[in-house]
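The values are calculated or read from the model by the stated rules, or taken from the named source; none is laboratory data. The shown structure was predicted, so the numbers you read here are calculated from the model rather than taken from an experiment. Quick reminder, even Gly has a Cβ in these numbers, built from the backbone with ideal geometry, and neighbours come from all protein chains shown.
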Amino acid sequence: MWPLPQFDKQFVAITIQPHYLTCSWIKQSQKKASLVLCAYERFSLRNLALEKLILFNPTYIQRCIKTFLATHQLDNAFIACSLSGPSIIEQFLPLQTPSPTLNTFSLQKTKNNILGYEYIYPRDHQFIFYVYQVPQVILLQYKLLIIAARLNSIAIVPQRSALLSLYKFLYGNAFRKAQLAVDMIRYHNMIEYLFNPGLLARIIDMSSSIKNIEAEMPYLLTACGLFVSRGIK
Amino acid sequence: MKKNNLIKTLSPAQQYAIKRWFIISLFLSSITIVIIIAFEIPQIYALQSIKKENTALAIQTESFNSIIDQQNKLKKKEQDYKEKQAEITKYKDELISLITHLSTVVQASNPACNIESLHIKPNSIELVAYCTQIQNATNCLDRLVESKQFHDTELTSLQHQTKQNSSFLFTIKGQR
């Protein structure tokens, strides 16, 4: 509707990783699983289309995304992206204070990076924070990609941030930071290992459209995390 | 867990809120415009009708201009004529008045008095006449007073003419 850009109540999660780009059309469900995967596609990023999260061939990446959206008539859907790769510096830092400022973190801060943090769990009278840094240059590339592709983007987040949101969603009211601490310590803060195909099946109904679930699981988990973190209904 | 986001965007809830606000604003604006139009259109229509009527009447009355000019000229002429007529009437009335006064004076002086001179001025009259007896002069004065055409009429002088001639010369003055 002029002059408002059109948007509909659809959600597409885009995960961008060093060699793959996935697009997932996810809906809320009233059935056994909380979410429904309406469409999913994984695009291979070869020939240096994407290297260290730097877009060397944005035209191709834009075409992949637009193709998926056009195929499923999702041109006006809400889009959320997750980034994962060596250019993003991610750490789990123990701090003495539960309410730090940006200056509290003993990281090499530069104006070229965006710094973000999130409290995860307590451990031995310390507070473990998830801290991430993203280079401004890389983020600018993705912003330009969003503008060029005319996407109604509502978020760009690191992959682990999306997975943390999914973990909280999975436990719902039973979520406890102490339990998260136990799980994280068990898997050495590798949050990807907290999930398995059984949990994924509880979260999202894939309707047997995906044959090799284990291969697609990291991307689907991230997509689900993006959906639940944005509070789309 | 807080919502991390590397870009500043409008959340879906904010976008829906903006859309709702826009639709409600558009709806209310449309209603306002419709109401204004509903009130204004009859007036505009009336104005247009009056303009059309005025134009039609202007076309119809184009030939009237020469007539109106002629009428104005004639009215001016009429006014001039009326002024002239008024002047003529005034002179005529003065003349009639003069004749009346003259005849009155002549009748008043007859038959015993001989008029020597008579000055009729716009506001006054002066009669000089001869009479054989004084009584004739007073009679003449009485008759002039009775005629009511003069006021403040009075006998201003009365004198014996000569020893050989026993007539009297008297003067009567009055106001017209």
Is it true that A:Ala148 is in a helix (DSSP H, G or I) and either modelled with pLDDT of 90 or more or of a type in the set (Asp, Glu) (or both)? yes
If you take the residues in segment A:171-190 that are within 12 Å of chain B (Cβ to nearest Cβ) and either under 22 Å from A:Pro86 (Cα atoms) or under 19 Å from the mean Cα position of the chain (by Cα) (or both), which one is surrounded by the fewest Cβ atoms within 10 Å (Cβ to Cβ)? A:Tyr171
Residue check, A:Thr101 touching a strand residue (DSSP E or B) at 6+ places or on another chain (Cβ under 9 Å) and more than 14 Å from every other protein chain (Cβ to nearest Cβ): no
For segment A:124-151, enumerate the residues that are within 11 Å of chain B (Cβ to nearest Cβ), touching a helix residue (DSSP H, G or I) at 6+ places or on another chain (Cβ under 8 Å) and either over 24 Å from A:Ala77 (Cβ atoms) or surrounded by fewer than 20 Cβ atoms within 10 Å (Cβ to Cβ) (or both). A:Tyr130, A:Tyr132
Quick one: is B:Asn110 polar (S, T, N, Q), under 30 Å from B:Phe150 (Cβ atoms) and surrounded by 10 or more Cβ atoms within 10 Å (Cβ to Cβ)? yes
Exactly one of B:Lys73, B:Lys173, B:Lys77 is basic (Lys, Arg) and surrounded by 11 or more Cβ atoms within 10 Å (Cβ to Cβ), and that one is B:Lys173
Is it the case, given these coordinates, that A:Glu51 is surrounded by fewer than 22 Cβ atoms within 10 Å (Cβ to Cβ), more than 26 Å from A:Gly231 (Cβ to Cβ) and of a type in the set (Asp, Glu)? yes
Return the residues of segment A:26-76 that are among the hydrophobic types (A, V, I, L, M, F, W, C), closer than 21 Å to A:Gln141 by Cα and touching a residue at least 40 places away in the same chain (Cβ under 8 Å); say none if nothing qualifies. A:Leu53, A:Ile54, A:Leu55, A:Ile61, A:Cys64, A:Ile65, A:Phe68, A:Leu69
Can you confirm whether segment B:42-49 contains a residue that is surrounded by fewer than 10 Cβ atoms within 10 Å (Cβ to Cβ) and not in a helix (DSSP H, G or I)? no
Answer with yes or no whether A:Arg230 is charged (D, E, K, R), within 25 Å of A:Tyr40 (Cβ to Cβ) and either touching a strand residue (DSSP E or B) at 6+ places or on another chain (Cβ under 6 Å) or within 14 Å of another protein chain (Cβ to nearest Cβ) (or both). yes
Restricting segment B:112-130 to residues that are within 15 Å of B:His101 (Cβ to Cβ) and without any contact (Cβ under 8 Å) to a residue 40 or more places away in the chain, the residue that is farthest from the chain's Cα centre (by Cα): B:Ile115
Inspect all residues belonging to segment B:87-95 and state whether any of them is of a type in the set (A, V, I, L, M, F, W, C) and closer than 19 Å to B:Gly174 by Cβ. no
Report those strands (runs of 3 or more DSSP E) wholly inside segment A:1-97 carrying at least 2 residues which are charged (D, E, K, R). A:35-44
Out of all the residues in segment A:32-46, is one or more within 14 Å of chain B (Cβ to nearest Cβ) and either at pLDDT below 90 or out of contact with any helix residue (DSSP H, G or I) (no Cβ under 7 Å at 6 or more places or on another chain) (or both)? no
Taking A:Leu221 as the residue in question, decide whether it is within 14 Å of chain B (Cβ to nearest Cβ) and within 23 Å of A:Ala80 (Cβ to Cβ). no
Do we find that B:Lys8 is surrounded by fewer than 10 Cβ atoms within 10 Å (Cβ to Cβ) and either closer than 30 Å to A:Arg230 by Cβ or touching a residue at least 60 places away in the same chain (Cβ under 8 Å) (or both) in this structure? yes
